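Trainee: The structure follows.
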Amino acid sequence: MLSLFQQGIEAVFTFQIFGLVFFGTVVGIIFGAVPGLTSTMAVALFLPVTYSLGAGAGISLLVALFVGGTSGALISAILLKIPGTPSSVATTFDGGPLMEKGEGAKALGVGIVFSFLGTVVSIIALIFIAPTLAKIALRFGPHEYFAIAIFSLTLIITLASGSMVKGLLSGVIGFAFSTVGIAPVDAITRFTFGQTQLNSGFEILTVLIGLFAISEVIKVAENVKHEKAATIGKVSMKSIKGFGFSMQEFVGQLWNGFRSALIGIGIGILPGIGAGTSNIVSYIVAKNRSKYPEKFGTGVIDGVVASETANNACIGGALIPLLTLGIPGDAVTAVMLGGFMIHGIQPGPLLFTTQGALVYTIFAALILSTIMMLLCEFYGLRIFVKLLAVPKHILLPIILVLCVVGAFGLGNRIFDIWTILLFGLIGYGFVKGGIPQPPFIIGFILGPMAETNLRRGLQLSDGDFMGFLTEPISGAFLMLSASSVFWHIFQAQRAKSAKRRAAVEVQA
Amino acid sequence: MGDAKKREYVLGFVILIAGIVYLVMASQLKVPERPGVHVDASFVPYVLSSIMCILGVLQLRAAKNYVPKPKAGNGDDVDYGTVGKTIGLVFGYVALMSYLGFPLMTVLYLVAQFTVLTPHDKKVNYVLYTVIAVIASTFIYLTFRYAFDMMLPVGPFDF
């Protein structure tokens, strides 16, 4: 193993691969940072470039694009409150408020460092425990996936700070929008109104751009004319040393980061869900386990740490089933599988024995691109912050144009641009009605997973619902879901009666 | 009744109506009946629409008991005129893009949007806005067209 690893290190330190990894990381960061462009797009766009390269060089480039793209999304999530990709939705929850408090540099610094740590932990998991973990994940069937989806959906209650009704409503509407298109299992067309473009449903990216970016532009239009020197925010870099946070703050976040990395790896391994889900789940867990959950959403670094560690930990997690079983864990690894095929490599259990040197070159490229990501983002920190000096009325329309291009690029259709406008108006309606947007995304992502696996599971158990309870893993997750719902209702009732008692005492 | 309370009521009614419409649409789905299959393509829409109706009722109940929080400052100073113009400009931009092409429409949209969003304490600088718009539009178009092979609509001007 050590000699193979040494070979891998030697390979990536050749001029060609080193240069490609650097280029891939920088381009990946740009793709992640621009709303509407994703790491999946970056990998897909550069796939043809790898034709002319050797297997090691080509796959190293793809890996670097993947790492840069996943991490780069934190830049726009914090500076503009617009998640660059679905993997950074939860970063906006606390990154945005930190930015408003003038602590944007700290939020960026924390995000960058914990992105790095999340990736490192996931690479370690990939190298040492990949085959064992992949075998366990492979045993998961429709029952387990349904239960996991339901468990994650029940977490919406936690995100619904303020009104539980509005939080649930947001999740239900998100789920409802996911039912547009061809239904799973029996392929019945639903709610398409004869529009063939709706057959494949709405793209997650158009939903995300609309809900967060377009609605943000409309929201800014509400009062930008009355603001003096209307810039996005101001961050002074003069007093900022290093990454902008203290050693004490770093140590205080280590457990949060480690837990989030485990969540990211676990979710990354499961085929079908990835960084888009892990960042939200990890944020919710961090909030629930925190000593000060009420501060989440107001600008605490814990939220940024949870989201950024978990989404980057998905990188190694998603590569585990790809390399060991040949199953892509998410969209990016599905495109990367194509990259392997181009070079005549078949990922799977035999890959480690037949292509040992290549596997360790990939591991070395992962480590190198993670270090490059840290360095590029650290030195880029000062440049990113300068973006804020651009006045809002100039910056936001240009971002809107980039969102339009990103939406158009999904399928070269004007239809997708109309879609982002639709979701932009819905997002703005949510803002005006005080409805939280994150549960919508959870409902939209996990809804189809729950429905598909419910129907598949019922097919397997001849229409018997008991299968979901009698399968141990599925039963355990459903029990956890029920307990979580009852616990939150109980807590909400207790808080309400305490408030009522306090009001009576004040009156008396 | 205050504006905030009214808004909560309106929200409740909107949810309830949306839930009923979704329920009707779910009932109109053409799902072939299969013996022994109870969960078909209409199952989830039925469940979701029912939940939406329940949430609508709960929201109306919450609106009834809603006590608005006292606001700091001078209340709601939202500039709906600028919001309306922005939404109109974005719709116009997308609607005309197929005919006039991405490069030209982007320049027109950006200049108009910069102008609409310019704060009252700043002077509208058309020359600067046009220069920024032309540079941004050209850079974005050329990058995506030639570096990423994205076939953005060109309109009457074929580059």
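The values are calculated or read from the model by the stated rules, or taken from the named source; none is laboratory data. All of these numbers come straight from a predicted model, not from anything done at the bench. Counting neighbours? That spans all protein chains shown, and the Cβs are built from the backbone with ideal geometry, glycine included.
Trainee: Out of (1) part of a helix (DSSP H, G or I); (2) crowded, with 16+ Cβ neighbours inside 10 Å, what's the single condition that is false for A:Gly338?
Mentor: Only one criterion is unmet by A:Gly338, namely (2).
Trainee: Quick check on my filter: what residues within region A:8-37 are polar (S, T, N, Q), in a helix (DSSP H, G or I) and surrounded by fewer than 17 Cβ atoms within 10 Å (Cβ to Cβ)?
Mentor: Across region A:8-37, the qualifying residue is only A:Gln16.
Trainee: Does B:Ser49 qualify as being surrounded by 18 or more Cβ atoms within 10 Å (Cβ to Cβ) and within 30 Å of A:Leu153 (Cβ to Cβ)?
Mentor: yes
Trainee: Looking at B:Val57 and the list (1) part of a helix (DSSP H, G or I); (2) surrounded by 16 or more Cβ atoms within 10 Å (Cβ to Cβ); (3) facing chain A (nearest Cβ under 10 Å), which single condition is not satisfied?
Mentor: It fails just one condition, (2).
Trainee: In region B:23-45, what residues are touching a Phe, Trp or Tyr at 6+ places or on another chain (Cβ under 9 Å) and modelled with pLDDT of 90 or more?
Mentor: B:Leu23, B:Met25, B:Ala26, B:Ser27, B:Val44, B:Pro45
Trainee: Can I ask one more? Which ones in region A:38-56 are surrounded by fewer than 21 Cβ atoms within 10 Å (Cβ to Cβ), part of a helix (DSSP H, G or I) and more than 13 Å from chain B (Cβ to nearest Cβ)?
Mentor: Selection gives A:Tyr51, A:Ser52, A:Ala55.
Trainee: Take residues that are away from every other protein chain (no Cβ under 13 Å) and closer than 25 Å to A:Leu211 by Cα and tell me which of the helices (runs of 4 or more DSSP H) falling wholly in region A:389-508 contain 1 or more.
Mentor: In region A:389-508, A:438-460 are the helices (runs of 4 or more DSSP H) which contain 1 or more residues that are away from every other protein chain (no Cβ under 13 Å) and closer than 25 Å to A:Leu211 by Cα.
Trainee: I would also like to ask the following. Does region B:67-89 contain any residue that is surrounded by 13 or more Cβ atoms within 10 Å (Cβ to Cβ) and basic (Lys, Arg)?
Mentor: For region B:67-89, residues surrounded by 13 or more Cβ atoms within 10 Å (Cβ to Cβ) and basic (Lys, Arg): present.
Trainee: Could I ask something else about it? Which one of these is closer than 16 Å to A:Thr154 by Cα and surrounded by 21 or more Cβ atoms within 10 Å (Cβ to Cβ): A:Ile435, A:Ile489, A:Ile417, A:Ile445?
Mentor: Sole residue among the options that is closer than 16 Å to A:Thr154 by Cα and surrounded by 21 or more Cβ atoms within 10 Å (Cβ to Cβ): A:Ile445.
Trainee: Here's another thing I want to ask about it. Output yes when any residue across region B:67-78 is of a type outside the set (D, E, K, R) and under 27 Å from A:Phe415 (Cβ atoms), and no when none is.
Mentor: no
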